[in-house]
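Taking it in order: structure first as structure tokens, then the write-up.
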Amino acid sequence: MAVTRSRMACRRSLVLALLLAVVLVAGPLAEVADARPRRRATSGRRAKKRPARLRTARGPGPCKWRGGGSVHPLCNRRGGGIRLVVVTNVPGTNMSVNQAWAPNVTSFVQAARAAGFDLQAHDGAGPGQGSFRTAAMQRELRRRGYPANRPGTSMHEWGLAVDLLCNGKLFIDDPSNHWCREWVRANAHNFGIYVHPGEPWHWSSNGR
């Protein structure tokens, strides 16, 4: 009888030891489970990922422009104004024009040269005054009495106008310059270049 009681006591001690071991192990496991990130409950639909925004490279872009004509001028940044225009030189000439208009003027000059005529900008008022002008250059012309538009309103400031010299001579009714002038008048529009109604030497992308 004593042996039986002793065995039962041993079994109880063993069961208690096992239960204690289970409790000690289950505690840390529960803490680990709680530490795992939980997924948000959804109503049967997966949340849509927002598309990543594409960053556009900064650089020349269309200016803010309402002047019409054969081209839309380019500025240092998209939507820029008259003081942010991008200009470039026309090969073989003293002309500086807006980058958007440069292919037109370059082709025009090359076609004229093939026909035997040399086209340059008339810089009689000073270097660079016959094509692209800054606001300061425009202001200086007005101060000196030239019939120049007020700063901010000239096609020259957009790089979209050129005061032409034809075979080194002014674009006026000079008999010695007749054929050069006639060629320009007959062909300029084919290149998106138009004469100002009141200034026969002033050619631009929109005739202003």
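The values are calculated or read from the model by the stated rules, or taken from the named source; none is laboratory data. All values reported here derive from a predicted model rather than from experimental measurement. Using ideal geometry, Cβ is built from the backbone for each residue, glycine included, and neighbour counts are taken over all protein chains shown.
Tell me, which helices (runs of 4 or more DSSP H) wholly within the range 92-187 include 3 or more residues that are more than 19 Å from S205 (Cβ to Cβ) and modelled with pLDDT under 95?
Filter on the range 92-187 gives 135-143, 178-187.
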>> I'd like to verify a number: residues in the range 152-172 that are over 19 Å from D123 (Cβ atoms) and touching a residue at least 12 places away in the same chain (Cβ under 8 Å), how many?
In response: 1
> F117 fails exactly one of the following numbered conditions: (1) closer than 30 Å to N177 by Cα; (2) surrounded by fewer than 17 Cβ atoms within 10 Å (Cβ to Cβ); (3) in contact (Cβ under 8 Å) with a residue 60 or more places away in the chain. What is the number of that condition?
Replying inline: (2)
> Hey, among the residues in the range 145-159 that are among the small types (G, A, S) and over 15 Å from G67 (Cα atoms), which one's nearest to the chain's Cα centre (by Cα)?
Replying inline: A148
> Which of the residues belonging to the range 149-208 are surrounded by fewer than 20 Cβ atoms within 10 Å (Cβ to Cβ), within 21 Å of S96 (Cα to Cα) and of a type in the set (D, E)?
Replying inline: E199
> Filter the range 83-114 for residues that are surrounded by fewer than 19 Cβ atoms within 10 Å (Cβ to Cβ) and touching a Pro at 6+ places or on another chain (Cβ under 9 Å); which is nearest to G130 (Cα to Cα)?
Replying inline: N94
> Just to be sure, is D123 under 28 Å from H72 (Cβ atoms), surrounded by fewer than 17 Cβ atoms within 10 Å (Cβ to Cβ) and not hydroxyl-bearing (S, T, Y)?
Replying inline: yes
